[in-house]
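Here is the structure we will look at, set down as structure tokens.
The values are calculated or read from the model by the stated rules, or taken from the named source; none is laboratory data. Quick caveat, the model's predicted, so the values are computed rather than measured. Cβ coordinates were reconstructed from backbone atoms using ideal geometry, including for glycine residues, and neighbour counts include every protein chain displayed. Quick note on the areas: whole protein, heavy atoms, side chains included, nothing else; ligands and nucleic acids left out. Shrake-Rupley method; radii C 1.70, N 1.55, O 1.52, S 1.80 Å.
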Amino acid sequence: MVARRYNVSGRVQGVGFRNYVERAAEKIGVHGYVRNRRDGRVEVFAMGTPEQLKEMRAALEKGPMMSRVDGVAEEPDTVEAKYLGNFGIEFTVE
């Protein structure tokens, strides 16, 4: 299992993006969370196999119908045991 942090920019707030990500994560089988950032981006922390994370990134690049994804920044992160077994929506940060 590996972990990645994604920051998605574009028109990604107020368009159902977090709910879309939560559903995609459950379908793909990754663990972690999604949350809005005060700078207008959406942050996604995801843990899974490299194949699952590749599929997750593709879902983030697509986004829901009303969104417009301008970019997905990706960086490696550390697996956090407290997120194993679920994927949820967290409160806005920064």
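Approximating the spin labels as points 7 Å out from Cα along Cα→Cβ, the M66-to-R38 distance works out to 2.5 nm. Just to be sure I understand, if you calculate Rg/Rh (Cα atoms, Kirkwood Rh) for this structure, which of (1) 0.92; (2) 1.02; (3) 1.14 do you get? Identified label for the calculated read-out: (1).
Between E22 and E80, the simple spin-label model (points 7 angstrom out along Cα→Cβ) gives 1.7 nm. Share of carbon and sulfur in the accessible area of the chain stands at 49%, probe radius 1.4 Å. The trypsin sites (Lys or Arg not before Pro) of the chain that meet both conditions, a loop assignment by DSSP and at most 15 other Cβ atoms within 10 Å of the site Cβ, are R38.
Which GluC sites (Glu not before Pro) in the stretch 50-80 pass both tests, a DSSP loop state and at most 16 other beta-carbon atoms within 10 Å? Loop-located and lightly packed - E80. Per residue, the chain exposes 56 Å² of accessible surface when a 1.4 Å probe is rolled over the protein heavy atoms with every protein chain present.
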